[in-house]
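Just so it is clear, none of the values below were taken in a lab; they were calculated from the coordinates. This one's a predicted model, so the numbers in the text were calculated from it and none came from an experiment. Every residue, glycine as well, gets a Cβ built from its backbone with ideal geometry; the counts of neighbours run over all protein chains shown.
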Amino acid sequence: MDQELRELYQQVILDHNKSPRNFKVLEHITQEADGYNPLCGDNIHIYLDVEDGIIKDVSFQGSGCAISKASASLMTSLLKGKTKEQAEKLFNKFHDLVTGKLGDNPDVDELGKLAVFTGVQEFPVRVKCASLAWHTMMNALHDKKERVTTE
Amino acid sequence: MTVKAQTPVITNPSLYDVEAIRKDFPILQTYVHGKPLVYLDNAATSQKPISVIRKAQEYYSTMNSNIHRGVHALSGVSTEAFETARIKIKKFINALGKNEIIFTRGATESINLVAQTFGRSNLNEGDEVIISEMEHHSNIVPWQLICNEKKAKLKVIPINDDGELILEEYEKLLSDRTKIVSVVYCSNSLGTVNPVRKIIKAAHKKGIPVLIDAAQAVNHLHIDVQELDCDFLVFSGHKIYGPTGIGVLYGKVNLLDSMPPYQGGGDMISKVTFEKTTYNELPHKFEAGTPNIAGAIGLGEAIDYVSRIGIGNISLHEKELLDYATEAVQSVPGLKIIGTASEKVSVLSFVLDDVHPHDIGTFLDFEGIAIRTGHHCTQPVMDRFKIPATSRASFAMYNTTEEIDVLVNGLNKIIKVFG
C-alpha cells in the first residue's frame, strides 16, 4: 500500500471501523444531535449523558466511511469522564490536527490516541469525514437543535 | 491555424480501434499517484478529444468577437461559426429546424428554463407534474420550485428492485391535471435506459407534453427527436466530449413560440422602449446575453468527432465494456451491483460489504483509477435501495477491458485491507 494511504488508513482506524466502540443508543440521554455530510451521504447521531458538567457517557449511531466511523468511535472512548471544558479542548486539538495546523509531525504524546488521524491532513476532501462526529458532539454538548452539516 | 481531423473513420464495427481513439484524448496519458490514469468517471464528465481542445484555442486565437452584433469581419466569422454549431446539433438529433435548438449552460439550465417558462404559464393550483424516482436532482428541484410557487403537485413514477420504471404505475398517474411529464432517458446512477417511446406515447394520448432528460443518453444512443416525438429534450455538452458550460434545449417550435422568455437582456429582443419590448424570434428569444460562444463551437466539434466514430459503434464498444465489467466484478467478494435493468448504458454502480464508497474511492485513486462515489445527485434512488451511497464506474468510447481489469484488481486489494 502507498505510504500516504497507509498513514490515512492506520491499523487503529481500520480496527475501529470494523468494530466501532460505543456504537449504540444510550439508555439515559441528556443531550443529542444529528450530523450529516451531504457530499457523501454520511450521517451520524451523537448521544450524551452529561451530569454536573461531566460527560458520564457518550455513544453514536449512523453510517459513514471508515474515517468518519473510526473518528466517532475513538472520540466517544476519549470523552467519557471528561468535563465540558476538557471536551472542547480536545475538539480544538483534533480540529487543528486534521486541518494541518500542527504540521506533519505533531507532538504525539500530547495528542495521545488522536495521533492516528495525522494522515488526514494530506487528504483535504477527507477532513470533513474525520470532523463530522466532533462537530456533531459539540452541537449536542451545547444543546443546539439544528443538524450539523459539513457543507 | 488549421485544425486537421485525425480521427479514424470506422465503417466496420469490428475494426473499432480503441487505441487510435485513445491517442486523440491527451489527458489519457496522465499519471495519477504514479499510475496511468484509468478514467472511469465518464458519467460525471467525459474527456475531450484534441480537436475540441484545439477548436476552443482556434476560436480565441482567430475568431473571438461578439455574435449577432458587429458589422466587422470577425463578428461575422464568429456568428457564422456559432450558428454552424447550432445546425450541427440540429442535424445530430434530427430536429425539424435550427430555431428549435436553444443554447443553454447545460441540461440543468435547460430544465429550469422549461419549468420557469412553460411551467409558470401552464401550471395552476392542483395541477400535476410527473417525474420519476430515478431523476437526477436537476430534474426534481426545478419542478419542486415551480410546483411550490403554483401550489401544483409533483407525482413520482416508482421504480422496481432492478431499477426500472414501473410503467403500470406511470399510466395510473397520468390524469387531466397532468401538465407535463419530465423523465430521464438514461439514469446516471443506475444506468437504466427508460422506455421513453412508450412514456411519450401514453402522455400524448392525453395531450400531455413530455420532456426527456438526455444528459446521460446523448453520448451513448442515437437520438432522433422527430422519431421519439418528444416535446422537449435536454443535454449537456460536457457529457458528449464537448466543453463544460454549454448545453442544449430542444423544443418543438409551436411550444417554444407559446412560451414567455426565460431571461431578459441583449440578443433576445427585437425592439426595446421603456413602455414595451418585443422579443426576438426563436431561438434568440431564449438566449439573453452573450452566450458561451467558444463552448457552442466546441460542442459542434465534439459532435463532429462522435459522428466520425459513429454513435452506433460507440454504443457497441460500450456495451462490450459493460458486459465485461458486469461479469468481472462478480469475482469481488461481497460486491453487489445496484441497477440491474435489462437495458442499460455503460454505468456500473455497486456497493461492497462493509466498505464505504468513500473509502473505495480513495483507495482506487491511489491505483490511478477515477470513479465517482456518493449519491450521484440522486438521493431518492439511494433511499429507494436503502443505501447511503454507491461507487460508480462509467465507461466511454476510449475505455478498455484492460482498464476494467485494473479496477477489479484494485477492488480485490481493498477487500484484503478491510476484510
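Quick notes on this one:
- Values of log10 I(q)/I(0), in the order q = 0.22 Å⁻¹, for the range B:370-414 under a Debye, Cα-only, solvent-free model: -0.83
- Helical mean residue ellipticity (222 nm; -39500 (n - 2.57) per DSSP H run of 4+; nearest 500) of chain B: -10500 deg cm²/dmol
- 3J(HN,Hα) from dihedral phi, the range B:300-307, Karplus parametrisation 6.51/-1.76/1.60, rounded to Hz, x for glycine, proline: x, 5, 4, 5, 4, 4, 4, 5
- Pairs of Cα atoms farther than 16 Å apart, the range B:31-137, %: 77 percent
- Sequence ranges A:57-65, A:116-124, B:117-125, ranked by mean other-Cβ count within 10 angstrom, highest first: A:57-65, A:116-124, B:117-125
- Electrostatic bookkeeping for B:GLU164 treats Lys and Arg as +1 and Asp and Glu as -1; over the other residues with beta carbon under 13 Å from its beta carbon, the sum is -3.
- Backbone geometry of the range B:259-265 corresponds, through the Karplus equation with coefficients 6.51, -1.76 and 1.60 at θ = phi - 60°, to 3J(HN,Hα) couplings of 8, x, x, 8, 10, x, x Hz, x marking Gly and Pro.
- The range B:393-407 and the range B:87-113 have their alpha-carbon centroids 30 Å apart.
- Shielding by partners, peptide A:58-71 (average Cβ within 10 angstrom, other chains): 3
- Amide H to amide H, with H built 1.01 Å from N, B:VAL184 comes under 5 Å of B:SER132, B:ASP213, counting only residues 5 or more places away or on other chains.
- Fraction in percent of alpha-carbon pairs per bin - 10 Å, the range A:23-89: 22, 51, 24, 2
- Among B:162-173, B:364-375, the order from most to least packed when residues are scored by Cβ within 10 Å on average: B:364-375, B:162-173
- Net charge over other residues, Cβ less than 14 angstrom from the Cβ of B:ASN139 (K, R count +1; D, E count -1): -3
- For the range A:65-118, convex hull volume per residue from C-alpha positions, Å³: 76 Å³
- Per residue of A:38-49, other chain Cβ atoms within 10 Å of the residue Cβ number 3 on average.
- Charge tally around A:ILE46: other residues with Cβ under 10 Å, Lys/Arg +1 each, Asp/Glu -1 each, net -2.
- Size check on the range B:55-307: the Cα extents along the three principal axes, sorted descending, read 58, 47, 27 Å.
- Part-to-part distance (alpha-carbon centres) for the range B:134-167 and the range B:275-353, which is given in Å: 21 Å
- A Cα-only calculation for the range B:214-343 places Rg and Dmax at 20.2, 71 Å.
- Across peptide B:355-367, the mean count of Cβ atoms from other chains lying within 10 Å of each residue's own Cβ comes to 6.
- B:ARG177 versus B:LYS386: modelled label distance in nm, points set 7 Å from Cα along the beta carbon direction: 3.1 nm
- When each of B:LYS150/B:LYS172; B:LYS150/B:LYS386; A:LYS24/B:LYS386; B:LYS23/B:LYS91; B:LYS205/B:LYS344 is checked by Cα-Cα distance, pairs over 29 Å: B:LYS150/B:LYS386
- Model label sites at A:GLU4 and B:ASP17, defined 7 Å from Cα along the beta-carbon direction, differ in position by 3.7 nm.
- Legend: calculated FRET efficiency, A:GLU110 to A:LEU14, from the Cβ-Cβ distance at R0 = 35 Å, rounded to 0.05, equals 0.90.
- Working note: Debye formula, equal point scatterers on the alpha-carbon atoms of the range A:3-142, no solvent; log10 I(q)/I(0) at q = 0.19 Å⁻¹ is -1.09.
- Backbone amide hydrogens, once placed in the peptide plane, bring B:ILE223 within less than 5 Å of nothing, excluding anything fewer than 5 places away on its chain.
- Per-residue Cβ neighbour rank within 10 angstrom, fewest leading, B:GLU287, B:GLU80: B:GLU80, B:GLU287
- Highest average packing first - B:67-75, A:79-87, B:204-212, Cβ atoms within 10 Å: B:204-212, A:79-87, B:67-75
- Debye intensity ratio in log₁₀ form over the Cα atoms of the range B:134-176, taken at each q of 0.25, 0.32 Å⁻¹: -0.96, -1.06
- Listed residue (B:LEU364, B:GLY245, B:ALA20) projecting farthest to the positive dipole end of chain B, Cβ model: B:GLY245
- Rounded to whole Hz, the Karplus (6.51, -1.76, 1.60) HN-Hα couplings of the range B:117-130, x for glycine and proline: 10, 4, x, 4, 8, 10, 8, 10, 3, x, 6, 10, 10, 9
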